[in-house]
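Structure, as structure tokens:
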Amino acid sequence: MAFHEIRFPANLSFGSVGGPERRTEVVTLANGFEERNTPWAHSRRRYEAGAGLRNLDDIETLTSFFEARRGRMHGFRWKDWSDYKSCPPSKRTTVTDQLIGTGDGVSVVYSLSKTYRSGEQTYTRAITKPVEGTVIVGVARDPKVEGLEFTVNTATGEITFAVPPDIGVPVSAGFEFDVPVRFDTDRIMTSVASFQAGEIPDVPLLEVRV
């Protein structure tokens, strides 16, 4: 099993459906109250790629991509058009989009993350597949220069500074990112009449931990 650092064609992922999934165990007590618990600390995303296919050339592209990944064997990158930036999709990324850490005068490695907020509650998601060339980093809101003052590992989502940020200084970043996924099926069923008949191939994808 391996992860291929290649993105599923973005023009085919546009129009797909999917999003985060959580697992919650619910027990209803005799008095009608509930006890709820979750074994998952983090959500897991599912997608249906077939909804983004528009013609038979798209089917051929999908088949080639599927065969090269050996079905469910190897993971790959996926662009979630509804959630692919450190900011809202309609905005431009800035160095203050996401707080990724606070300087301690020693640490030089920081991991990218995205925090989701609703009311007083937050959820922080690790970002492990940033898109090359999109990561911008700031220390105390001061933009840093990639390649000179910091480097980005696009396979892990780690930022490495040439000089550790000072104690108590906020480290922030803006970026675009992909979701690591795999096919959740070992077969692709298509028909030359699919689009004429209004049928959509079933192409499920599942987020993987990397």
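Data table
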item	result
Ratio of the Cα radius of gyration of the range 104-210 to 2.2 N^0.38 Å, where N counts its residues	1.52
Of (i) 193; (ii) 182; (iii) 129, the label for volume of the Cα convex hull per residue in Å³ derived from the coordinates	(ii)
Longest to shortest principal axis, alpha-carbon extents of the range 100-151, angstrom	38, 27, 18
Along the chain, longest interval not containing exposed chymotrypsin sites (Phe, Trp or Tyr not before Pro), exposed being DSSP loop plus at most 15 other Cβ atoms within 10 Å	82-210
Rounded if a/c under 1.5, otherwise prolate or oblate - the range 14-102, Cα gyration tensor axes	oblate
At most 16 other Cβ within 10 Å, DSSP loop - trypsin sites (Lys or Arg not before Pro), the range 101-197	Arg141, Arg187
Distance in nm between pseudo-label sites at Lys91 and Arg72 (7 Å out along the Cβ direction from Cα)	3.9
Percentage relative contact order, the chain, counting C-alpha pairs under 8 Å, at least six apart	26
The range 106-175: GluC sites (Glu not before Pro) falling in loop per DSSP and having at most 15 other Cβ within 10 Å	Glu120, Glu132, Glu149
Restricting the range 1-65 to trypsin sites (Lys or Arg not before Pro) in coil, as DSSP defines it, with at most 15 other Cβ within 10 Å	Arg22, Arg23, Arg54
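Bear in mind these aren't lab numbers, they're just calculated from the coordinates by the rules spelled out. As the structure is a computational prediction, the values presented were derived from the model and not from experiment. Neighbour counts run over all protein chains shown; Cβ positions are idealised from the backbone, glycine included.
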